[in-house]
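**Q** Have a look at the structure that comes next, please.
The values are calculated or read from the model by the stated rules, or taken from the named source; none is laboratory data. Note that the structure is predicted; figures quoted are calculated from it, not measured. Here Cβ is always computed from backbone atoms with ideal geometry, including for glycine, and neighbour counts include all displayed protein chains. Just the protein is used for accessible areas: all its heavy atoms, side chains included, with ligands, DNA and RNA removed. Shrake-Rupley method; radii C 1.70, N 1.55, O 1.52, S 1.80 Å.
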Amino acid sequence: MAAVDRRTFFKGAGAVAAAVVGAQVLTACSSESVRGYGGEPRALPIPPADLGSREGTSVHFALDAQTGESQILPDVTTETWGFNGTHLGPTLVMKKGDDVHIDVTNNLDDMTTVHWHGMKLPAIADGGPHSPIEPGQTWSPTWTVANDAATLWYHPHTHGLTGLHAYRGLAGMIIVEDEVSEALDLPQEYGVDDIPLVLMDHRFLDDGSLDEEDLPDLGLLGDTPTANGITNAHFDATTTRVRFRVLNGSNMRFYNLAFSDERTFQVIASDAGFLDQTADRTTLAIGPGERWEIVVDLEPGEDVTLESVGFKNNYGVPDDEFVPDFGMGDSFQLLTITGPAEDAAQTSALPGVLVKSSEPDTIDAPERTFIMNTFSINDLQMDMQRVDVVIDHDQPEVWVVTNDNSDWPHNFHVHDARFKVLKFEGTDVELFNDGWKDTVGLPPGATATLAVEFGHYPDPQWPYMYHCHMLYHEDQGMMGQFVIVNPGEEPAAVLGAGASSGSMAGGEHEH
Ligand SMILES: [Cu+2]
């Protein structure tokens, strides 16, 4: 190991993890982040399900952003941020058609914002950088849930500080249910066989506090993975079939999900809801901001580990000394799992067909191109006073998004939208991109052609964001703004002094 660089920790840990289950051996192997794997496995914490207070279809939630101390590590406390608690936040459960009201109170000493990732909603409620919540203030967005059943999430979108605020722990899951999800024969008992799994990674200083120093070109890439806010998490299953709602809430890290015995699992939902049909996988990439719902069948009493395994070909990132190490080759464990008791009920076959197939109509759709390179999109960096794209219709659009870097990964997230990946070119990296998504991974050189369907809430004053969801990149300016207006309408120059309306960097043309 003498000749190996800072990649040693994860690569070494993975090699051992493949052979031996358990934290102690990993501890012995790691030289840089021993603390991350130390001690006995701890039970996977389940964030409380928050059903809100409901009157008919009107549902009221309250979120308080606050500081606290948490035991991310087993043997030391860490100062963290959380919603309604010291770290992370409750899982908000809502139903399609609900009229949602949320009071977000900022009990921090810092300004923040809260964005509802994946939600179609009016821009004024979207919680982007134009919606600061000052310390002591309460922000009260409201909207009607238009999304199909899906796993969404909420996190800050503070201008230049999104990464830091999420890293400190401001993140929570949202479960949207609808008549389709409730009728399907799938595990759906929250915390029992329907398990939220928020994946993050951190670095720690010797005193247990979060290391918040940005690594050059990598930002807050962590060396210590966590599941629902703790290291070395263990899940004791009580059923033979478990559904995991996996959210990558990390700043910069991509995971390649797999089980330690390379078993096949079923993918049932992408970012924006159910796949048309269940899909069998043995590995599944999940980039920052993305969600997948997977189902795994367990034998009574068996032990198996959910891992992240190194990406084949390093996700297309050159593996040499000149390129920052994005961790694409790392292998490590995420969650150890023990199967249920011998008398656990057997399950029947999973439903093969989940939802009626739907496709966006892209005939005559406007097409726009987005070239991502280092910290820019279309050679521009985020400007709060500049509208980059104006959408003056209620139809889908085709967005062609290219990662123009030959050595850096990116990904691409669009607010108020869901999309299908029509084409994926320019890379040998094979990604599973089925279903409706709102965030797509882009290995070096990759071009993704997206059919994007927007929520239609015309408002000339309030912009939505599109951006790289590697949060250091976003915070460095890899983000643009779009406004949805009525036909012929211009965006209002109300975004601040010097607002210039409609510089069409998106390059609209009919095709
Ligand atoms: Cu990026």
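**Q** Looking at the structure I just gave you, is Asn433 buried (at least 20 other Cβ atoms within 10 Å of the Cβ), modelled with pLDDT of 95 or more and not hydroxyl-bearing (Ser, Thr, Tyr)?
**A** Here the answer is no, as Asn433 does not meet what is asked.
**Q** Within segment 412-422, is even one residue surrounded by fewer than 22 Cβ atoms within 10 Å (Cβ to Cβ), in a loop (DSSP other than H, G, I, E, B) and not assigned by TED's automatic domain parsing to the domain that holds Leu218?
**A** Looking for residues that are surrounded by fewer than 22 Cβ atoms within 10 Å (Cβ to Cβ), in a loop (DSSP other than H, G, I, E, B) and not assigned by TED's automatic domain parsing to the domain that holds Leu218, one finds none in segment 412-422, hence no.
**Q** Okay, next question. Given the criteria without any contact (Cβ under 8 Å) to a residue 12 or more places away in the chain, among the β-branched types (Val, Ile, Thr) and out of contact with any Ser or Thr (no Cβ under 8 Å at 6 or more places or on another chain), does Ile363 qualify?
**A** Working: without any contact (Cβ under 8 Å) to a residue 12 or more places away in the chain: yes; among the β-branched types (Val, Ile, Thr): yes; out of contact with any Ser or Thr (no Cβ under 8 Å at 6 or more places or on another chain): yes.
In short, yes.
**Q** Quick one: in segment 453-471, which of the residues that are closer than 30 Å to Trp408 by Cβ and more than 16 Å from the ligand (Cβ to nearest atom) is most open to solvent (accessible area, probe 1.4 Å)?
**A** Glu453
**Q** Right, next: Out of curiosity, is Gly455 small (Gly, Ala, Ser), in contact with a Lys or Arg (Cβ under 7 Å, 6 or more places away or on another chain) and modelled with pLDDT of 95 or more? Give the steps one after another, and end with the answer.
**A** On the way: small (Gly, Ala, Ser): yes; in contact with a Lys or Arg (Cβ under 7 Å, 6 or more places away or on another chain): yes; modelled with pLDDT of 95 or more: yes.
Criteria met by Gly455.
**Q** Here's another thing I want to ask about it. Do any strands (runs of 3 or more DSSP E) entirely within segment 212-254 hold 2 or more residues that are within 11 Å of His202 (Cβ to Cβ), and if so, which?
**A** Ranges flagged: 224-227.
**Q** Determine which member of the set Ile371, Ile337 is touching a Leu at 6+ places or on another chain (Cβ under 7 Å), among the hydrophobic types (A, V, I, L, M, F, W, C) and not in a loop (DSSP other than H, G, I, E, B).
**A** Ile337
**Q** When you go through (1) under 18 Å from the mean Cα position of the chain (by Cα); (2) open to solvent by 20 Å² or more (accessible area, probe 1.4 Å) one by one for Met200, which number turns out not to apply?
**A** (2)
**Q** Here's something else I'd like to know. Just the residues that are of a type in the set (S, T, N, Q), within 16 Å of the ligand (Cβ to nearest atom) and open to solvent by 10 Å² or more (accessible area, probe 1.4 Å), please, taken from segment 437-452.
**A** Thr447 - this is the single residue of segment 437-452 that is of a type in the set (S, T, N, Q), within 16 Å of the ligand (Cβ to nearest atom) and open to solvent by 10 Å² or more (accessible area, probe 1.4 Å).
**Q** Something else: Every residue in segment 379-404 that is in a strand (DSSP E or B) and under 19 Å from Pro366 (Cβ atoms), please.
**A** Matches in segment 379-404: Val389, Val390, Ile391, Glu397, Val398, Trp399, Val400, Val401, Thr402.
**Q** When you scan segment 365-398, how many residues do you find that are open to solvent by less than 20 Å² (accessible area, probe 1.4 Å) and in contact with a helix residue (DSSP H, G or I) (Cβ under 9 Å, 6 or more places away or on another chain)?
**A** Result for segment 365-398: 1.
**Q** Yes or no: segment 266-277 includes at least one residue that is small (Gly, Ala, Ser) and open to solvent by 10 Å² or more (accessible area, probe 1.4 Å).
**A** The answer is yes; a qualifying residue exists.
**Q** Can you pull out the residues in segment 167-197 that are within 16 Å of the chain's Cα centre (by Cα) and not β-branched (Val, Ile, Thr)?
**A** Result: Tyr167, Arg168, Gly169, Leu170, Ala171, Gly172, Met173, Pro196, Leu197.
**Q** Further, regarding this structure: Give the residues of segment 397-408 that are under 13 Å from Ser376 (Cα atoms) and either within 21 Å of the chain's Cα centre (by Cα) or more than 14 Å from the ligand (Cβ to nearest atom) (or both), sorted by residue number.
**A** Of everything in segment 397-408, those that are under 13 Å from Ser376 (Cα atoms) and either within 21 Å of the chain's Cα centre (by Cα) or more than 14 Å from the ligand (Cβ to nearest atom) (or both) turn out to be Val401, Thr402, Asn403, Trp408.
**Q** Please verify whether segment 104-114 includes one or more residues that are in the same structural domain as Leu164 (by TED's automatic domain parsing) and surrounded by fewer than 16 Cβ atoms within 10 Å (Cβ to Cβ).
**A** Yes, that holds for at least one residue.
**Q** Sticking with this one: Quick one: is Thr144 open to solvent by 10 Å² or more (accessible area, probe 1.4 Å), β-branched (Val, Ile, Thr) and free of Cβ contacts under 8 Å to residues at least 40 places away in the same chain?
**A** So Thr144 fails the test.
**Q** If I ask for residues that are over 23 Å from Asp364 (Cβ atoms) and outside any loop (DSSP other than H, G, I, E, B), which ones from segment 438-453 would you list? First the steps, then the outcome.
**A** Residues of segment 438-453 that are over 23 Å from Asp364 (Cβ atoms), as a first pass: 438-446.
Passing the criteria: Thr439, Val440, Gly441, Leu442.
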